[in-house]
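The values are calculated or read from the model by the stated rules, or taken from the named source; none is laboratory data. Note that the structure is a prediction, hence the values are computed from the model and not measured. Glycine gets a Cβ as well: all are built from the backbone with ideal geometry, and neighbour counts include every protein chain shown. When the accessible area is computed, the model is the full protein with side chains, heavy atoms only, and any ligands, DNA or RNA have been set aside. Shrake-Rupley method; radii C 1.70, N 1.55, O 1.52, S 1.80 Å.
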Amino acid sequence: MKRAWRVIHRRWRGPGGRTKEIYSPALERGAGTLLALALAVVVMALAAGLLLLVRAGILASQAATAADLSALAAADAARGLAEGDPCTVAAAVAARHGAGLTGCTVTGGEVVEVSTELEAAFSLGAATGRSRAGPPP
């Protein structure tokens, strides 16, 4: 019989001279490895989840930046400081930042509201950004 399958048996003298028998199966000698592997898997899953959250935050920031710059460019076009239609200018600026223009509204002749959307490379969904720009108060 192999030693790994045998039960280790020891006698121990307890208080009062009584003998106690202690059984310790030899198969428990690899439990630390399995626990370490399980811990490593849990840590990797948490790290992957954290990376997804960080990526979603980056996408939201990029969508907001594209919306801000698009709204500023469109407001300049609406005020006559730049050439072109405000919504066309906003769409061009958003496209340069990798986002798509989902909405463009010119109110009061000089105030522009812009909505942008940035698609993720993998299935995180779309990040959206909204911005409003106009002349200084």
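Annotations for the structure displayed:
- Residue ID - least open to solvent (accessible area, probe 1.4 Å), chosen from residues in the stretch 112-124 that are of a type in the set (A, V, I, L, M, F, W, C) and in a loop (DSSP other than H, G, I, E, B): A120
- Of the residues making up the stretch 86-122, those that are farther than 23 Å from R55 by Cα, among the charged types (D, E, K, R) and free of Cβ contacts under 8 Å to residues at least 40 places away in the same chain number 1.
- Scanning the stretch 113-132 for residues that are aliphatic (A, V, I, L, M) and at pLDDT below 95 returns L118, A120, A121, L124, A126, A127.
- Single residue of the stretch 125-137 satisfying the filter (open to solvent by 40 Å² or more (accessible area, probe 1.4 Å) and part of a strand (DSSP E or B)) that is nearest to A63 (Cα to Cα): T128
- Of all residues in the stretch 56-111 being among the polar types (S, T, N, Q) and farther than 23 Å from P137 by Cα, the one that is farthest from the chain's Cα centre (by Cα): T88
- Subset of the stretch 66-111 (residues that are among the small types (G, A, S), open to solvent by 70 Å² or more (accessible area, probe 1.4 Å) and farther than 14 Å from G134 by Cβ): none
- Residue in the stretch 21-31 that is modelled with pLDDT of 90 or more, open to solvent by less than 100 Å² (accessible area, probe 1.4 Å) and under 45 Å from the mean Cα position of the chain (by Cα) present: no
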